[in-house]
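Colleague: Below: one structure in structure tokens.
Please treat every number below as a calculation from the coordinates, not as lab data. Owing to the predicted nature of the structure, the values given are computational and were not obtained by experimental measurement. In this analysis, Cβ positions are derived from the backbone assuming ideal geometry, glycine residues included, and neighbour counts consider all displayed protein chains.
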Amino acid sequence: MEAMEAIITRRSVRSYEARKIDKKLVDLLANAMNAAPSAGNLESRHFYFVLDEGMKKKIASCCSERQRERIASAPLIVVACADEKENRYGERGKNLYSIIDVSASVENLLIAAHSLGLGGVWVGAFEEEKVREALSVPSYLHPITLVPLGYPAEKPMPHEKKEMKKIFTFIE
């Protein structure tokens, strides 16, 4: 799949087949995340790849009741964290750049997953402290998002997007 096609056709997938993701694909996803740009090349991010069934259930229990079952059923959950220790840009770096670094990596993850026949969804609604406790996340790492991934058991339809003129200003 070409890059533009993967970007344009990617959808949020919330339902997954039971089959496991091959280790080679997991490694490709990690490489895609690592290839994302980073402020000052600090790479102020850290990722937990959760494949263990028991730990996936613990992570899912940190989410809203409505989401728990589908998150736990994903063959892989990526917990994306901002690394506040890797910072040389003051408060702006700590409060913004590390989150941008994580976001760029997660977008690469979702596009790469789609191009490999996988699907996932960006989950921001979770209890951060419970995730921190479940994974023994050190205090300098800040969980930003969870991304459950797997082979899609659904084919989501595209959502209507805002008109381009409402979200873009071209200054010529």
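Colleague: For E84 and S12 in one chain, what is 0.36 nm times their gap in residues minus the Cα-Cα distance, to one decimal in nm?
Modeller: The span from E84 to S12 would gain 23.1 nm if fully extended.
Colleague: Taking R0 as 41 Å, what's the FRET efficiency between I171 and E107 from their Cβ-Cβ distance, rounded to 0.05?
Modeller: Result of the calculation: an efficiency of 0.95.
Colleague: Right, something else. Name the most mobile residue of H159, H114, H142, meaning the one with the largest mean-square fluctuation, in a Gaussian network model of the chain with Cα contacts below 10 Å.
Modeller: Residue with maximal mean-square fluctuation among H159, H114, H142: H159.
Colleague: Which number gives the lysine pairs in the chain that have C-alpha atoms under 25 Å apart and are eight or more places apart or on different chains?
Modeller: Value for the chain: 19.
Colleague: Which one, P138, I111, A36, projects farthest toward the positive side of the charge dipole computed for the chain from Cβ point charges (K/R +1, D/E -1)?
Modeller: I111
Colleague: To the nearest µm²/s, what D does Stokes-Einstein give for the chain at 37 °C and 0.692 mPa s, using the Kirkwood radius over alpha carbon pairs as Rh?
Modeller: It comes out at roughly 194 µm²/s.
Colleague: Within region 109-152, list the residues whose amide N lies under 19 Å from a label point set 7 Å along Cα→Cβ of N31.
Modeller: 109-119
Colleague: Net charge within 13 Å of K20 by Cβ-Cβ distance, Lys/Arg positive one each and Asp/Glu negative one each, not counting K20 itself?
Modeller: Spelling it out: positives minus negatives among the neighbours equals 0.
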